[in-house]
Structure formats: C-alpha cells, structure tokens
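In what follows, a structure is listed as structure tokens, so that the remarks can point back to it.
The values are calculated or read from the model by the stated rules, or taken from the named source; none is laboratory data. On a predicted model such as this, the values are computed, not experimentally measured, just so you know. In this analysis, Cβ positions are derived from the backbone assuming ideal geometry, glycine residues included, and neighbour counts consider all displayed protein chains. To get the accessible areas, we keep the full protein, side chains included, count just its heavy atoms, and leave off ligands, DNA and RNA. Shrake-Rupley method; radii C 1.70, N 1.55, O 1.52, S 1.80 Å.
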Amino acid sequence: MAESEEEVDVLVQRVVKDITNAFKRNPNIDEIGVIPCPEARYNRSPIVLVENKLGVESWCVKFLLPYVHNKLLLYRQRKHWLEREALADITCTLLLLNPDFTTAWNVRKELLQCGVLNPEKDLYLGKLALTKFPKSPETWIHRRWVLQQILRQCSAVGWKHQRGEAEQADAERSQQLSDHLARTLHQEMKVCSDAACRYPSNYNAWSHRIWVLQHMAKGNVKVFHDELSSMRLWVSMHVSDHSGFHYRQFLLKELITELSQTPASTPPSSPQRRHSPVPDSTSPPPSQGPANGELSGAEAAAEEDRQLLQLFHQEVELCSDLIQSFPGHETLWSHRRHVFYLWHHWRREHHCSSNGGNTSVRLNNSDPTLAEVSAQSCASRGESVNGQGHASDAMEVDGASLPDPRDSKRLKRGVLLPGPPSLLPAPPTLLPAPPHPAL
C-alpha cells in the first residue's frame, strides 16, 4: 500500500485513469458500488468491472476522495490549472464517490456550456451516482438543470420551424429532437422508478418525477394515463410508501384538470391538446364515441363525466382491494380519503351546482360507494342526483358512530355534537327536614 505523498499521487492518478478506461471499455455500465476491502491484498487495480457493474475497493477510497477533492478546489481557486479532459475525469470520479459536492456539478455545468460535455453524458453520470446514492439532492437538481438545457434546444428549433425559417434539414433536426425528447422522458421515468425502489419514500425522486411531467408532458393526457396505469403495480408492491401514493394523487389531479378543460369532441392529436414538447403518437384511452368524432355540447359533457367517473371508480376499487389485502396500513386509508376529496371537489364544481336533472351524472349501479356519497353530498345542499330531488335537510349522523375527540387529537370535525343522554339515574333530591316540635 502506498504511504508517501508521491506514491499516493501515483496511485490516485492510476485509479482515476482506470475509472476512465472502464467507461471507455464498457459504455453500458448501469450500476456502481464500493467493494468492502480493508486493505490491498493483491497487486492489481482496485477498479473491478463485471457485467456492466463497476466496483471500487474500499481501501483506496480514503486516498482517492481527498485527492480529487483537493485538486478541484485548487482549480476553482485559480491555484492549479487542469485541462478540460482531466477536469471532466476528476469531476466524474469525485461525483461517483460523493455526488452531493455542489462545486463538482457546477464545474460540469461550465464544461457543458463550453461544449466539452454533452447533456446525455451528464444524465448518464447522474444515473450512475443515483444507483449508489438514490436520495442525493444535488444530483436531482443537476438533472433538472440539464433537462432545462435540452428543452431550450428543442424550443429554439421548434420556434424556427414555426416561423418558416427552417429548411428540410432543420425539419429533420426538429423531428430528431422530438424523438430524443420522448426517449429522454422515458429514461427519466425509469431512473425515478429505480431510485424509488432503492430507497423507500424517496421524496427527491418523486418530486423530480412530478417536475419532469410538468415541464416535458404538460397537457399530454396519454402520458398521464400511461403513468397512472404503470404505477398501479408499483403501489401494490409498496403499500406503505407515502411518496408513491402522493405521485398517484398528482396524476389524478392532472387528469381531472385536463379532462375537465378539454372538450370531448376535440381529437387527441389536435393542437389544442398538445401543450407538451413530447409528441402524442397515440391517442389516450377514452371511450368509443361517434364515428364522425363530433359530439354535441350535452354529449361531450356526458362523455367527460363518464371518463372521470370511470377514473374515480377504478381508483376507489384499487384502494379497496389493497386495504383488504393489506389491512392496517395508514397510507392506503389516507390515499382513499384523498381520492374521495378529489371526487367531492370535482362533483361540487361541475355537477352539484346545477338545479335540474338535465346535466346530472347517471351513476353506475355497480359502484355503490360513489353513488352513496353522491347522494349524501347533494342531499346536504338540496340538489338532485340522477334527476331525483332531495330535501334540503342536512344529513343525519348517528352520534354513536362519531369518534371520541379525546381519542383522536388530529381529526377535528368542527363543532362537537351533543353526546347521548346519560344512563345514570339522577341524584335524589334532598327534602327539607321536618321542623322540631316546640318545647
């Protein structure tokens, strides 16, 4: 093992070169890790590459990490000059061992803006760092910055194409960027899923996934439908992950917003429904409509209501199945309560405000849960469900079914109702004592 300063420098430079050569030999490395090895037992490189897995023996980390860290700080302080290629190799090694070092990411931002690095290479480096440190906030922040650069390039090419300044080559370039953007979106979803599986309730990964959909798939109903379908299996296998169910709630809110604002008569590929830079190659899974694709106002509203009710019904059915299979998980009940909150809010905004039964929703008899809640919510306001009027009296609640406020301090349901009458007999009334006879 190296002991003097000169030997340490030679050792570390060789290790950095071995890491760079490993990426050149195998550009498909998909995971990194540290191999427990207290000391160097053999006269060989501490870098191990086996089947797309890159390992670093732990004995060399205590030499490697301080070396690349000091080299980078001296470069930032203008005390030591490094070539761009050497700077890229040093930052790569440093970030694989410590991805929360913000200075290294900032140096790579400068290299990317100078054209030394490309965005795909930085996304790939961040993906590898997340296999070892799936909750690294600086890595997720840098990924968002790189994605913003990619979006700016696509926006600039699209703006030129819309103004008619692009020729045939520019049109092909625009198509290539659109395809590349769709692949990038798919890769980001994969990276977020892997990070969420490696670390439970990974808030940074789920927040990044929400950000990606908000900036790269805004208004793309098909992408949100696909995400909601793909997440069904994931949440079934992670029933205690609050962050995963929160992401599913985000998808539901976005779908409710898009389906409520978009007329059902608008084709899925219409420019009015394409707000995202990702092309919508296939239509979302709406229901079958008329052959000509044109719907009247009442039919369009009914079709919209049918799609949203089907969405709510499937989500409530999923919650019921998971609660029966995994009883006692608070996450499932919280998600179910949020789904009913979304449904009640949508119902109040779009349907229960009408006085007649013409625009009311014809609920499915096979969904007694939503039908019962619909009747109760509309009955409390004296409105109609399925064309049948209800009295304006408030819904009666059995006082015995209400939870005791002393048992639950978090749930406060407003003004407390008077409790049931006491079953204990009233205390006896004391009668005045008879007067004593006069002596």
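When the range 36-73 is filtered for residues that are in contact with a Phe, Trp or Tyr (Cβ under 9 Å, 6 or more places away or on another chain) and hydrophobic (A, V, I, L, M, F, W, C), the ones remaining, listed by number, are C37, A40, L54, L72. The set of residues from the range 69-85 being open to solvent by less than 60 Å² (accessible area, probe 1.4 Å) and closer than 23 Å to G115 by Cβ comprises K71, L72, Y75, L82. Flag: K253 does not match the condition of being open to solvent by 30 Å² or more (accessible area, probe 1.4 Å) and closer than 23 Å to R152 by Cα. Exactly one residue out of L54, L82 is touching a residue at least 40 places away in the same chain (Cβ under 8 Å), on the phi < 0 side of the Ramachandran plot and hydrophobic (A, V, I, L, M, F, W, C), and it is L54. Listed by first and then second residue, the pairs linking a residue in the range 224-244 that is over 18 Å from A182 (Cα atoms) and of a type in the set (S, T, N, Q) to a residue that is part of a helix (DSSP H, G or I) and open to solvent by 30 Å² or more (accessible area, probe 1.4 Å), with Cβ atoms under 7 Å apart and 6 or more places separating them unless they lie on different chains, are S243/Y203. Only one of A88, A22 is open to solvent by less than 40 Å² (accessible area, probe 1.4 Å), under 22 Å from D194 (Cβ atoms) and among the small types (G, A, S). Can you tell me which? A22 is the lone residue from the list that is open to solvent by less than 40 Å² (accessible area, probe 1.4 Å), under 22 Å from D194 (Cβ atoms) and among the small types (G, A, S). Just one of S230, S260, S243, S236 is closer than 15 Å to Q310 by Cα and out of contact with any Gly (no Cβ under 9 Å at 6 or more places or on another chain); which is it? Answer to the check: S260.
Screening L151 against (1) within 26 Å of S193 (Cβ to Cβ); (2) surrounded by fewer than 20 Cβ atoms within 10 Å (Cβ to Cβ); (3) free of Cβ contacts under 8 Å to residues at least 60 places away in the same chain; (4) of a type in the set (A, V, I, L, M, F, W, C) leaves a single unmet condition, (3). Summed over the range 279-301, residues that are among the aliphatic types (A, V, I, L, M), open to solvent by 60 Å² or more (accessible area, probe 1.4 Å) and modelled with pLDDT of 55 or more total 1. On inspection, I29 does not qualify as in a helix (DSSP H, G or I) and either within 27 Å of D194 (Cα to Cα) or touching an Asp or Glu at 6+ places or on another chain (Cβ under 9 Å) (or both).
Of all the residues in the range 100-141, those that are part of a helix (DSSP H, G or I), charged (D, E, K, R) and closer than 17 Å to R209 by Cβ number 1.
Within the range 170-211, being assigned to a helix (DSSP H, G or I), of a type in the set (F, W, Y) and surrounded by fewer than 20 Cβ atoms within 10 Å (Cβ to Cβ) holds for Y203, W211.
Restricting to the range 2-19, and then to whatever is outside any helix (DSSP H, G or I) and open to solvent by 40 Å² or more (accessible area, probe 1.4 Å), can you tell me which residue is modelled with the highest pLDDT? This residue is S4. Taking the range 212-231 as the search range and keeping residues that are open to solvent by less than 40 Å² (accessible area, probe 1.4 Å) and farther than 17 Å from F245 by Cβ, which one is nearest to the chain's Cα centre (by Cα)? Filtering the range 212-231 for residues that are open to solvent by less than 40 Å² (accessible area, probe 1.4 Å) and farther than 17 Å from F245 by Cβ, the one nearest to the chain's Cα centre (by Cα) comes out as V212. Considering every residue within the range 250-263, establish whether at least one is out of contact with any helix residue (DSSP H, G or I) (no Cβ under 9 Å at 6 or more places or on another chain), within 23 Å of W211 (Cβ to Cβ) and at pLDDT below 95. Yes, that holds for at least one residue.
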